[in-house]
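Structure first, commentary second.
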Amino acid sequence: MAKANTIKASLGERIFYVSNYFFFFLLGIATLFPFLNVLAKSFSSEAAVISGLVTVFPIDFQTGTYELVLGNKQFMNSFKVTVLITVSYTFLALVMTAMAAYPLSKPGLRWRKPILLLYVFAMLFNGGLIPNYLLMQNLNLINSLWSLILPGMVQVFYMLLIKNFFEGLPEGLEESAKLDGASNMRILWSLVLPLSLPVLATVALFYAVLMWNSYFSAMVYISRPELKPMQLYLKELIASTNDVLGQSGMIDISRDLNRSPEAVQAASIIVATVPILCVYPFLQKYFVKGVLVGSVKG
């Protein structure tokens, strides 16, 4: 068998590739450095953190800071609240978004273009903070977790991604199902959604990260400590540098003397970040395909 002809890269192309690799390597280091710095501080002693000696490796390694953070009742309660609202919001938002995208993916839908324009208008403009607060107040949702879940139930951009994906599915599949007597809802739940797993997994990840990292809505609508999500707790923790250790409610001077407020903050951030990072490997295989296929058709 003849050897396959190979095209040899020119000197300019090799320089271009090496430059690209070098640039993205530096970009990756710059992106990773803050996380490694926070991680190192969370495992370092108070003296090392205060003196500014910690970079990306812990100094005087210790794990007592994590024991302090995980033993903090307020932190663990906020963590549970965040898990609850993230799971609930992601599921409900994904269902509502898919149900909105399916009819809008049909060219024969009456008034389809005006409805899409209304969605786009709602994506670009909103009533503002005060009208939204008054709405939540009139609905008796202040100091309710529903005030964090309901307002952002359908994100228009994600709905358009799913709509474009639906438009790319073969029409013959739905026509065959209709000939067998399937209703539109049966087609959506039993045929369309199982075929749309890549884009649904991608959008679910977007929704989960959006809710997991959100703190502003909770800062506006939630004042009861037992309902505060984790990101709001972290925001208040980082903003308050005085008596941070006292927030644990169980200070032992001999044990906690080597715990700096900055290390406690760093450990809290790491514990809050790791769970959502663990989700990415399970959805990574769907991520690129879902975004690309959902963004081709307009």
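A compact table of results
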read-out: Trypsin sites (Lys or Arg not before Pro) lying in DSSP loop within the range 1-92, provided at most 10 other Cβ fall within 10 Å; value: K3, K8
read-out: Relative contact order [Cα under 8 Å, 6+ residues apart], the range 1-89, whole percent; value: 18
read-out: Relative contact order (%) - criterion: Cα under 8 Å, at least six apart; region: the chain; value: 30
read-out: FRET efficiency for W111 and L150, using Cβ-Cβ distance with R0 set to 30 Å, rounded to 0.05; value: 0.70
read-out: F157-F57 FRET efficiency (beta carbon distance; Förster radius 41 Å; 0.05 resolution); value: 0.55
read-out: Distance (nanometres) between label positions extended 7 Å along Cα→Cβ at E236 and L11; value: 6.5
read-out: Computed P(r) (all Cα pairs; the chain; 10 Å bins; percent); value: 5, 19, 23, 22, 17, 9, 3, 0
read-out: Sorted by Cβ neighbour density within 10 Å, fewest at the top, the residues F166, F216; value: F216, F166
read-out: For peptides 192-198, 28-34, sequence by mean Cβ density within 10 Å, most packed first; value: 192-198, 28-34
read-out: Mean Kyte hydropathy of 0.0 or more with a Cα span along the axis of at least 30 Å, helices from DSSP in the chain; value: 11-42, 73-104, 261-296
read-out: Rg over Rh, two decimals, the range 140-210 (C-alpha only, Kirkwood Rh); value: 1.11
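Bear in mind that the values in this text are calculations on the coordinates, not laboratory data. Not measured: the values here are computed from a predicted model. Neighbour counts are summed over all protein chains in view; Cβ atoms, including those assigned to glycine, are modelled from backbone coordinates with ideal geometry.
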